[in-house]
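The values are calculated or read from the model by the stated rules, or taken from the named source; none is laboratory data. These numbers were taken from a predicted model, which means no experiment stands behind them. When we count neighbours, we look across all protein chains shown, and the Cβ atoms used for this are built from the backbone with ideal geometry, even at glycine. These accessible areas exclude ligands, DNA and RNA; they are computed on the full protein's heavy atoms, side chains included. Shrake-Rupley method; radii C 1.70, N 1.55, O 1.52, S 1.80 Å.
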Amino acid sequence: MATLSSDLRIDIDRLSDRLAALAEIGAIEGTEGCARLALTDEDKVGRDLVVSWMRDLDLTITVDSIGNVVGVMGGEHDGQPVMTGSHIDTVRTGGRYDGNLGVLAGLEVIETLRAAGITPPRGLAVAFFTDEEGARFPPDMLGSLVYVGGMGVEEAHAIEGIDGATVGGELDRIGYLGPAPLPAPAPHAFVELHVEQGPVLEAEELTIGAVTGVQGISWTEVSVTGQSNHAGTTPMALRKDPAVVAFRTAAFVRELADELGAPQVATVGRMHLHPNLVNVVPATAEFTIDLRHTDNDVLLDAERRTLEFLLEAAAAEGCTVTTKSLARFDPVEFDDAVVACVEQTALTQGHTVRRMPSGAGHDAQMLARVCPTGMIFVPSVNGLSHNPAEYTSPADLEAGANVLLQVMLELAAT
Ligand code: HGY
Ligand code: MN
Ligand code: MN
């Protein structure tokens, strides 16, 4: 080999330049963040840019029928590649690192190997998966879920978004309804670099997280129907106010999370009242409940108690309720050999490291269904994410990408 691959290091300026260029697309004015909801025009422009970088690196590019894009650098033999990647869709108040880092660090790993004239024994692949956020089209991790066969393509194409569009219609509209068959062949292994999006690494002054798994995720959409009425003339005892049911349930899930303690979390992130006017008792209230826990039994009990409270609150208010599950994923454990490889590589490179679970969902939790999988975390300043002020220092980005480089080389060594 041209260079001892264990001495190889990525080019942080080149990686930072790509992160900045991608963040320009859907940039949120006055911030460092960007908004590229899945399958929007902004997402298309971001996709086109990353695909152009894949072409520049002479990767073999495939697009599948849920819009996942995979670029492959051939190895000395033609076994399944070692894959890395993540997502480039963002939430509406997104940062520039969430997902984007994992995809662009993958390209940086390949460019570093190309520049050193190194061809690994096994090929390397870099993927971006469709709709990881699930914010426009639930569930989250939709593209990687279909990639591994966890949902059929037709079912995924029919999913209607918060704006009434469908996944299939939008894939076609932006030109990413690709031909590659699904489910895809399983990679040899998968490792994803991602910002932690939480406070742990920063609080403990550590550089690398060797991620052990992902906590369980439960998303429910709740629709409460009452009776719209005059805000001034309707006595309180005669009201059927769906907003009260929504607010009380939102308060309940917060109190439930406080009662259960960490790592239980609960969020009411989306709420819509109709007709949403100052002087009208609402007709309907629609809201979402996001519950998560590392222990599936605790999560199931939290779901049960929440539904119980919701139904009681609705009955007391004379309202009716319908609920729809938007996402339900059990906790996932990553492959211990990959976790150990991340941990050891970080130590060998002189970084501080700890094992830790992920609070956020990631595409890696889907790839873990089909191949040995792990993740690498780097710190998020102030633990911020899903916020335009999301930030990770260049030194930490560089550390994470260098650990990714060596872990991929190790996994691709046979
Ligand atoms: O919701 C999540 O945890 C991820 O950001 N999709
Ligand atoms: Mn992410
Ligand atoms: Mn995210």
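Reported to the nearest whole Å, the Cα centre-to-centre distance from the stretch 142-156 to the stretch 182-238 is 19. Taking the centroid of alpha carbons for each part, the stretch 1-53 and the stretch 347-414 are 16 Å apart.
On full extension of the chain, what length is gained from Glu259 through Val280, given 0.36 nm per residue of separation minus the C-alpha to C-alpha distance? Mind showing how you got there, number by number?
Numbers: separation 21, 0.36 × 21 = 7.56 nm, distance 3.47 nm.
Gain on stretching Glu259 to Val280: 4.1 nm.
Restricting the calculation to Cα atoms, the chain yields a radius of gyration followed by a Dmax of 22.5, 83 Å.
In a Gaussian network model over the chain where Cα atoms closer than 10 Å are linked, find which of Gln349, Gln264, Gln215 has the largest mean-square fluctuation. Of the options given, Gln349 has the highest mean-square fluctuation.
Selection among Ala313, Val378, Gln80 by position relative to the dipole of the chain gives Ala313 as farthest towards the positive end (Cβ unit charges, Cα centre). Among Pro357, Met271, Val342, which residue has its Cα furthest toward the positive end of the charge dipole of the stretch 239-369, with +1 on Lys/Arg Cβ and -1 on Asp/Glu Cβ? Checking the options against the dipole of the stretch 239-369, the answer is Met271.
With one equal scatterer per alpha carbon and no solvent term, the Debye-computed log10 I(q)/I(0) for the stretch 216-329 at 0.15, 0.16, 0.19 1/Å reads -0.63, -0.70, -0.91. Think of a 1.4 Å ball rolled over the protein heavy atoms: the chain then has 40 Å² of accessible area per residue.
Could you size up the charge dipole of the chain around its Cα centre, putting +1 on the beta carbon of Lys and Arg and -1 on that of Asp and Glu, and report it in debye to the nearest 20?
Result for the chain is approximately 600 debye, rounded to the nearest 20.
The label point for Thr414 and the one for Val381, both projected 7 Å from the Cα toward the Cβ, are 4.2 nm apart. Estimated at 0.36 nm per residue, the fully extended path between Ser393 and Thr234 surpasses their Cα-Cα distance by 51.6 nm. Considering only Val70, Val281, Val82, the Gaussian network model of the chain with Cα springs below 10 Å gives its largest mean-square fluctuation to Val281.
Gain in length, Asp330 to Gln80, computed as 0.36 nm per residue apart minus the alpha-carbon separation, to one decimal in nm?
Details: separation 250, 0.36 × 250 = 90.00 nm, distance 2.72 nm.
Extra length from Asp330 to Gln80 when fully extended: 87.3 nm.
Overall form of the stretch 112-164: prolate. Here a/c, set by the Cα gyration tensor axes a ≥ b ≥ c, is 1.5 or more, and a/b is the larger of a/b and b/c. Taking the protein heavy atoms of the chain in the context of the full set of protein chains, the accessible area attributed to carbon and sulfur is 52 percent at 1.4 Å.
To the nearest ten degrees, helix 41-56 and the longest principal axis of the Cα atoms of the chain are 10 degrees apart.
Build a GNM of the chain with springs between Cα atoms under 10 Å apart, and of Ala257, Ala127, Ala346 the one that fluctuates most is Ala257. Phi angles of the stretch 94-105 translate, via the Karplus equation with coefficients 6.51, -1.76, 1.60 and θ = phi - 60°, into HN-Hα couplings of x, x, 8, 9, 4, x, 4, 4, x, 6, 6, 5 Hz per residue; Gly and Pro are given as x. Please work out whether the stretch 316-414 counts as rounded, prolate or oblate from its C-alpha gyration tensor, where a ≥ b ≥ c are the square roots of the eigenvalues and a/c under 1.5 means rounded, while otherwise a/b larger than b/c means prolate and anything else oblate? Oblate, because a/c is 1.5 or more while a/b does not exceed b/c. Have a look at the DSSP beta bridges in the chain and tell me what percent are antiparallel, nearest 5. That works out to approximately 70 percent antiparallel. Taking square-rooted eigenvalues a ≥ b ≥ c of the alpha carbon gyration tensor, is the stretch 119-262 rounded, prolate or oblate, where a/c under 1.5 means rounded and, failing that, a/b exceeding b/c means prolate? Here the stretch 119-262 falls in the oblate category.
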